[in-house]
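Below: one structure, written as structure tokens.
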Amino acid sequence: MLTRLIVPASFALLTALPADAQDWPQWRGPLGTGEAPDADPPLTWSADENIRWKVPIPGRGHGSPIVFGDLVFVLTAEPFGAEVGGGADIAADDWRRPVAPTRKQRFMVFALRRATGEVAWSDVAIEALPHETTHGDGTWASSSALTDGERLYAFFGSRGLFAYDLSGERLWEVQLGNIETRKGFGEGSSPAVFGDTLVVQRDQEGPSYLVAFDVATGEERWRTERDDVTTWSTPLVTEVDGRAQVITGGTPYVRGYDLATGKELWRCEGLGGNQIPNPVLFGDAVIAMSGYRDPGAVAVRLTGAAGDVSGSDAVLWTVERHTSYVPSPLLADGLLFFIKSNAGMLSCVDAESGGALYSAERLPTVANVYASPVASRDHVYVVGRDGATDVLARGPDYEVLASNTLDDSFDASPALAGNELYLRGAQHLYCIAADVERD
């Protein structure tokens, strides 16, 4: 029998960063679940409707925009200079055809004024030629920035980790060295922060590890080896029985580590290859997912978890069909929404039991999805690579309320803040808002 999942006073999501209803301080939002429970952006938009502003961002990047106070932050990589070649060789029979860098890249941080889209400040964090290829659909700036309200953290993978104050002064940087990803598909994990600790997950085809830094100085606090191959998942930090844990996706394990020491506390198998989606917290359980080889999701009770809990009573439920490959799941009102692989098909399950409420319903206009779904106060937004966004009712029934299209392509996950929706496209960053002043 499944135990009802209740959040005790001693159990809190630490990636729920200090933010009010107007902020989206990390790529999965203020609660780390893809939900902004007080946000109320428009239901409909077009090139001529409810576009407060759109601005071009130089270069390319798949990291989500984040929003804090009066600023919107994005990361990008812009090629410059003469062609110089380099990068890893591309296998002739590789159907994904990774792309080798042919020019150096400017790895850049942009802070835009939320009201107008004007650039408040920008910085070239580093100029470098990437050492390996990236996926044909990828970029060399696929991690999202995040803020703890005092500092902005920009992670460019093998090109470095950078910290700024919110006015744009660089505070410190750390070079972690190069990693080698599966088939040269590139990097995409974003950091997680809680209190005075920043955590980075570095899974690769060589030695993988989890590493923690002091947020004020960039000093390394601990580093823990992992027996994982390449993943692109971002860590989740939560508190269990008074102890902060870092929870990571992997192949085949989801695991928990002590935030203070980096020691592994527990692990549970159930994930397949090329693991990408973020773990998500529901009550006293974590839900982890993969959707490539051996797709599936597993819910693990965190209270009392120790050692290898695979197949034990700590496993509350599993799902083995229709799970996400690239997009992370969305949790709202005890409902878990997720995309089937990268297709325009949406499922919803009861997060407490894993029972299906609807399964692999085909969306009307979104066909191919890399971005993760998000939820406002009343709606669920699913953004497609072809420029379409389908908007659904936030609830257990499959109900499409609107479909919207812009002449752009969207791979980055949206951000919700106040009455605004931010979409980062291949061509522009958009602020979608009704024609009223922001609260």
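Using a Gaussian network model of the chain with C-alpha springs under 10 Å, which one of 106, 255, 293 is most mobile by mean-square fluctuation?
In this elastic network of the chain, the residue with the biggest mean-square fluctuation among 106, 255, 293 is 293.
Applying a 10 Å radius around every beta-carbon, put 46-54, 319-327 in order of their mean neighbour count, most first. Before the final figure, lay out each step's value.
Details: 46-54: 14.7, 319-327: 21.0.
Ranking, from highest mean packing down: 319-327, 46-54.
So if R0 is 25 Å, what FRET efficiency would residue 165 and residue 55 give, r being the distance between their Cβ atoms, rounded to the nearest 0.05? Write down the numbers at each step before the final one.
Values: r = 23 Å, r/R0 = 0.92.
My answer for the efficiency is 0.60.
Taking 51 Å as R0, compute the FRET efficiency from the Cβ-Cβ separation of residue 312 and residue 426 and round it to 0.05.
On the way: r = 45 Å, r/R0 = 0.89.
Calculated transfer efficiency: 0.65.
Subtracting the Cα-Cα distance from 0.36 nm times the residue separation, let me have the gained length for residue 38 to residue 82 in nm, one decimal. Mind dumping the intermediate values first?
On the way: separation 44, 0.36 × 44 = 15.84 nm, distance 4.79 nm.
Fully extending the segment from residue 38 to residue 82 adds 11.0 nm.
Provide the FRET efficiency to the nearest 0.05 for the residue 398-residue 47 pair, computing r from the beta carbons and using R0 = 45 Å.
Numbers: r = 28 Å, r/R0 = 0.62.
That pair, residue 398 with residue 47, gives E of 0.95.
Rounded, prolate or oblate: which fits region 175-315, taking a ≥ b ≥ c as square roots of the Cα gyration tensor eigenvalues, rounded meaning a/c under 1.5, else prolate when a/b beats b/c? Please report the intermediate quantities before stating the final value.
Details: a/c = 1.88, a/b = 1.08, b/c = 1.74.
Judged from the Cα gyration tensor, region 175-315 comes out oblate (a/c at least 1.5, b/c at or above a/b).
What fraction of the DSSP beta bridges in the chain is antiparallel, stated in percent and rounded to the nearest 5? Don't jump to the answer; show the numbers that get you there.
Values: 117 of 121 bridges.
Antiparallel: roughly 95 percent of the beta bridges in the chain.
Within region 332-358, find all residues whose amide N lies under 19 Å from a label point positioned 7 Å from the Cα of residue 293 along Cα-to-beta-carbon.
Those under the cut-off are 341-342.
Could you calculate the contour length gain from residue 119 to residue 214, that is, 0.36 nm times the residue separation minus the distance between their Cα atoms, to one decimal place in nm? Don't skip to the end; give the middle numbers.
Values: separation 95, 0.36 × 95 = 34.20 nm, distance 2.90 nm.
31.3 nm is the gain from fully extending residue 119 to residue 214.
Read-outs throughout are calculated quantities, based only on the coordinates presented, and are distinct from any laboratory measurement. Not measured: the values here are computed from a predicted model. Methodologically, a virtual Cβ is constructed for each residue, glycine included, from the backbone with ideal geometry; neighbour enumeration extends over all protein chains shown.
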